[in-house]
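The values are calculated or read from the model by the stated rules, or taken from the named source; none is laboratory data. These figures come from a predicted structure and were not determined experimentally. Here the Cβ is made from the backbone with ideal geometry for all residues, glycine too, and neighbour counts use every protein chain on show. Side chains are part of the model used for accessible areas, which takes the heavy atoms of the whole protein and leaves out ligands, DNA and RNA. Shrake-Rupley method; radii C 1.70, N 1.55, O 1.52, S 1.80 Å.
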Amino acid sequence: MVAGYHEDDDAIGKAYDSRLVGRFVPYLRPYAWRVAIALALLLATTALTLAQPLLVQQAIDRDVARGTTGDLPWIAGLFAGVLLLGFVCRYVQALQMVVVAQKVMNDLRLQLFRHLQRMSIAFYDGNPVGRLVTRLTNDIAALNELLTAGALTIIADLFIIVGVAAALLWINWKLALLTFVIMPMLAVIMRWFAVVMRNSFRKQRLHVARLNAFTAEHISGMMLVQLFGRQKRDSEEFRGHSAHLLDANLEVVHSFALFEPVVAMVSAMTTGLVIIIGGRMVLDETLSVGRFVAFLQLVNMYYNPVREIADRFNILQSAMAALERIFTLLDEPEGVQDDERALDLPEKISGAVEFDHVSFAYTPGTWVLKDVTFSIAPGERVAFVGATGAGKTSLINLLLRFYDVQHGRILLDNYDIATVKQHHVRKHIGLVLQDPFIFTGTIEE
């Protein structure tokens, strides 16, 4: 196990998880009207895309095949108008979804940060900072791809596939059915590709997580690295992690490189079948030249969304894994929580402190403090002296209520701090840390 690395860091997840989608949908509701506009524009874009080969068919059958040009100007103008309107629809649709994605990411990021602010210190003891930062950055960013290049794009591709299939059947149902015979072969290829890519992306994410964990740990501990002269040894270890990531990335690249030619080959086989059989229909005059050309264009359009869906499949998997990790973090209990009836301390207190038979353990059964009792009068100076691990810091953590005691109670001016709001306790205590933490910014800030 690499330091700072957790098993869920390399999780890929399902391509679609209804439970996670159900939890994610409420974040979209404030922007439902934008999503509705985007979906409507997707339908319009699909219709405009399908209109293009049909206009070509009209131009050939009405003019070119008859040796005239009377209708070509208005058909060409209509074709240009369709292209322009399609551009506008795609632009507005993309803009709406980018706005939705950014607003949803902002809402989730704010909720996650507020949740982290309320988590107990015990939570941070068991969760590396780099892992939590990844939740707020990389995992939230994965949702941007889900909304802008993932789910909605798949819906658009499905619209195109259904629309093209309907148009093929309308042009010539016999030729369309012959074309669909090859579809099961493509379905098997896509299923194989999904399995291979799932494994490849799992390896890739695994080695990314390990490399990030190793890098963050060794940069943070650079003083010790240099002190003990470990630069060469750590460099070799880093080289090993980087080599594993390189192999994983190349495996993904090879899978994509194989998939594209295979789909292209299936597409070429379909086109060849259409040319052979459709050409005979044209010679037999059971299919017009314009319809034949339009059919070929539509067949080519059929495979573009198929390739895109295979690519978007991996975005969906990554986004589902990111949602799983985000919601798992949001479901983490806050640990030390104020009771609904928690009290407010007075504005001024004298500062009397009493530990009354206090017992505490970070890990159940391993007591750091056991039946500790003492009292400190207001104005009295007290020093706690002991070996490392004796519990000195634990006393301060308990007094500040970073942790709750398992047994006994701690009194501040005769108030049991377990019954007082946390921030009221802490605002009356001044703590000078042994190792100060300096935040980025000016002294004034």
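For the cross-link pairs LYS203/LYS232; LYS232/LYS392; LYS103/LYS427, the ones whose C-alpha atoms lie over 30 Å apart are LYS232/LYS392; LYS103/LYS427.
With the simple spin-label model, which puts each label point 7 Å out from Cα in the Cβ direction, the ARG66 to ALA194 separation comes to 4.9 nm. For region 303-445, a crude dipole built from +1 on the beta carbon of Lys and Arg and -1 on the beta carbon of Asp and Glu, taken about the Cα centre, is about 300 debye to the nearest 20. Stretching the chain fully between ASP331 and VAL99 yields a gain of 80.8 nm (0.36 nm per residue, less the alpha carbon separation). Dipole orientation for region 204-331: of the candidates LEU206, GLN231, SER267, GLN231 has the Cα lying most toward the positive pole (charges on Cβ; Lys, Arg +1; Asp, Glu -1).
Between VAL129 and ARG114, the simple spin-label model (points 7 angstrom out along Cα→Cβ) gives 2.5 nm.
In debye, nearest 20: dipole of region 220-366 around its Cα centre with unit charges on the Cβ of K, R (+) and D, E (-)? Kindly include the intermediate steps, with their values, before the conclusion.
Details: 11 positive and 21 negative charges, 233 e Å.
Here the size comes out at about 1120 debye.
Using 13 Å as the cut-off for backbone N distance, which residues of region 115-131 belong to the label zone defined by a point 7 Å from the Cα of GLN406 along Cα→Cβ? It comes to no residues whatsoever.
Tell me whether region 222-346 comes out rounded, prolate or oblate; compute the Cα gyration tensor, take square roots of the eigenvalues as a ≥ b ≥ c, and use a/c under 1.5 as the rounded threshold. It comes out oblate by the Cα gyration axes.
Translational D (Stokes-Einstein, µm²/s) of region 198-250 at 10 °C and 1.306 mPa s when Rh comes from the Kirkwood sum over C-alpha pairs?
Numbers: Rh = 11.8 Å.
Answer, rounded: 135 µm²/s.
The fraction of Cα-Cα pairs per 5 angstrom bin, counted from 0 for region 297-392, comes to 3, 8, 8, 10, 11, 10, 8, 6, 5, 5, 5, 4, 4, 4, 3, 3, 2, 1 percent, rounded to whole percents.
For region 21-70, the Kirkwood hydrodynamic radius comes to 14.1 Å, computed from all pairs of different C-alpha atoms.
Towards the positive end of the charge dipole of the chain, with charges on Cβ (+1 Lys, Arg; -1 Asp, Glu), say which of PHE24, PRO53, LEU431 has the farthest Cα. About the Cα centre, the residue reaching furthest to the positive side is PRO53.
Please report, as a whole percent, how much of the solvent-accessible surface of the chain comes from carbon and sulfur atoms (probe radius 1.4 Å).
Values: 15740 of 25500 Å².
On the chain, the fraction of accessible area on carbon and sulfur atoms equals 62 percent.
Each Cα pair under 8 Å and six or more residues apart adds its separation to the average, and for region 75-233 the resulting relative contact order is 21 percent. Per-residue Karplus couplings for region 43-49, computed as 6.51 cos²θ - 1.76 cosθ + 1.60 with θ equal to phi - 60°, are listed in order as 4, 5, 4, 4, 4, 5, 5 Hz, Gly and Pro entered as x. With the simple model of a label 7 Å out from the Cα in the direction of the Cβ, ILE438 to VAL25 spans 5.2 nm. Given the protein chains as shown and a 1.4 Å probe, how many square angstrom of TRP192 are accessible, to the nearest 10? Surface open to solvent at TRP192 totals about 110 Å². Annotation: per residue accessible area for region 264-323 equals 42 Å², rounded to a whole number [probe 1.4 Å, protein chains only]. Extension gain, ILE219-PHE87: 0.36 nm per intervening residue step, less the Cα-Cα distance, totals 42.7 nm.
Note on the chain: Cα-Cα pairs beyond 42 Å make up 42% of the total pair count.
Of the beta bridges in the chain, as assigned by DSSP with both residues counted there, near 95 percent are antiparallel. Using C-alpha pairs under 8 Å with a sequence gap of at least 6, the mean separation divided by the residue count of the chain gives a relative contact order of 23 percent. Backbone N atoms of region 398-435 closer than 13 Å to the 7 Å Cα→Cβ label point of TYR362 belong to residues 398, 403. The Rg/Rh ratio for region 276-351 is 1.68, where Rg is the radius of gyration of the alpha carbons and Rh is the Kirkwood radius.
Considering only LEU186, GLN117, MET105, and ranking their Cα positions along the charge dipole of region 103-205 that arises from unit charges at the beta-carbon of Lys, Arg, Asp and Glu, the one farthest toward the positive end is GLN117.
Assuming charge only on the beta carbon of Lys and Arg (+1) and of Asp and Glu (-1), the dipole of the chain about its Cα centre is about 880 debye to the nearest 20. Judged by the mean number of other Cβ atoms found within 10 Å, the most tightly packed of the peptides 82-89, 436-443 leads the ranking 82-89, 436-443. Each stretch of four or more DSSP H residues adds -39500 (n - 2.57); spread over every residue of the chain, this sum gives -22500 deg cm²/dmol at 222 nm.
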